[in-house]
Amino acid sequence: MILLWLYTKLKYRGSYVGYLARISNTKVGSKFRIFRQARIMNSTVGYNSHLGCEAIVRNTDIGSNTGIAERAIVGVYNRRNKRTVIGDSVMIGTGAIIMEGVRIGSGAWIGANSVVRSNVKRNAVVNGNPAVLVRISNNKTIMG
């Protein structure tokens with residue numbers, strides 16, 4: 001197990017791979033961080049993005065500067081083989097579920113424990129089960 005951990009540390013230089021994290025068939029950008037027991041499969045990840053503890057991501061294209069919090073599930077319920085697309089500077093809250101084929105615009109925020117079943121516009125804040133629009137920011141990005 002220690003050799004596997006050391007191998008992943010050397011393979012993804014400049015990035016962080018936590019204990020028991022799994023990366024398979026995935027292209028990652030520089031400064032990508034994946035924390036303890038998180039899994040990412042058949043995906044692409046942009047620059048400076050992170051995947052929180054115990055999060056699961058499959059068949060997803062993730063933009064730069066995107067944060068996926070702990071225990072979030074993205075694109076896992078994939079029965080139709082559609083890819084999920086997440087834009088740049090998106091924040092996905094703890095325990096959120098993003099269904100397959102959903103497109104999330106850049107700068108959007110997804111609230112904790114939300115279930116997103118349809119597309120989300122740029123700079124939108126959504127929350128709830130099912131997720132509903134809370135507001136749209138006029139700024140270029142919500143963060144900062």
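The values are calculated or read from the model by the stated rules, or taken from the named source; none is laboratory data. Values in this document were obtained by computation on a predicted structure and should not be read as measured data. Reconstructed Cβ throughout: ideal geometry from the backbone, glycine too, with neighbour counts over all protein chains shown. Note: accessible area is taken over every heavy atom of the protein model, side chains too, but ligands, DNA and RNA are not part of it. Shrake-Rupley method; radii C 1.70, N 1.55, O 1.52, S 1.80 Å.
Tabulated results
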{"quantity": "Restricting segment 79-90 to residues that are at pLDDT 90 or above and in a loop (DSSP other than H, G, I, E, B), the residue that is surrounded by the most Cβ atoms within 10 Å (Cβ to Cβ)", "calculated": "V90"}
{"quantity": "Yes/no for G93 being at positive phi and modelled with pLDDT of 90 or more", "calculated": "no"}
{"quantity": "Filtered residue count, segment 92-136, keeping only those that are in contact with a strand residue (DSSP E or B) (Cβ under 8 Å, 6 or more places away or on another chain), exposed (fewer than 15 other Cβ atoms within 10 Å of the Cβ) and among the polar types (S, T, N, Q)", "calculated": "2"}
{"quantity": "Residues of segment 59-78 satisfying the condition of being part of a strand (DSSP E or B) and either closer than 16 Å to G93 by Cβ or open to solvent by 10 Å² or more (accessible area, probe 1.4 Å) (or both)", "calculated": "D61, I62, G67, I68, I73, V74"}
{"quantity": "Pairs with Cβ under 6 Å, 6+ apart, first in segment 92-107 and farther than 15 Å from K82 by Cβ, second part of a loop (DSSP other than H, G, I, E, B) and among the acidic types (D, E)", "calculated": "T94/E70; S106/D88"}
{"quantity": "Test: residue in segment 104-117 that is touching a Lys or Arg at 6+ places or on another chain (Cβ under 8 Å), within 18 Å of P130 (Cβ to Cβ), modelled with pLDDT of 90 or more and not aromatic (F, W, Y)", "calculated": "yes"}
{"quantity": "Cβ pairs under 8 Å, 6+ apart, first in segment 66-84 and touching a residue at least 40 places away in the same chain (Cβ under 8 Å), second part of a strand (DSSP E or B) and open to solvent by 10 Å² or more (accessible area, probe 1.4 Å)", "calculated": "A69/M91"}
{"quantity": "Residue in segment 32-55 that is farthest from I98 (Cα to Cα), counting only those that are hydrophobic (A, V, I, L, M, F, W, C) and assigned to a strand (DSSP E or B)", "calculated": "I34"}
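Results for (1) in a loop (DSSP other than H, G, I, E, B); (2) in contact with a Phe, Trp or Tyr (Cβ under 8 Å, 6 or more places away or on another chain); (3) modelled with pLDDT of 90 or more; (4) buried (at least 16 other Cβ atoms within 10 Å of the Cβ), shown as yes or no for each residue.
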| residue | (1), (2), (3), (4) |
| --- | --- |
| L3 | no, no, no, no |
| L10 | no, no, no, no |
| S30 | yes, yes, no, no |
| V57 | no, no, yes, yes |
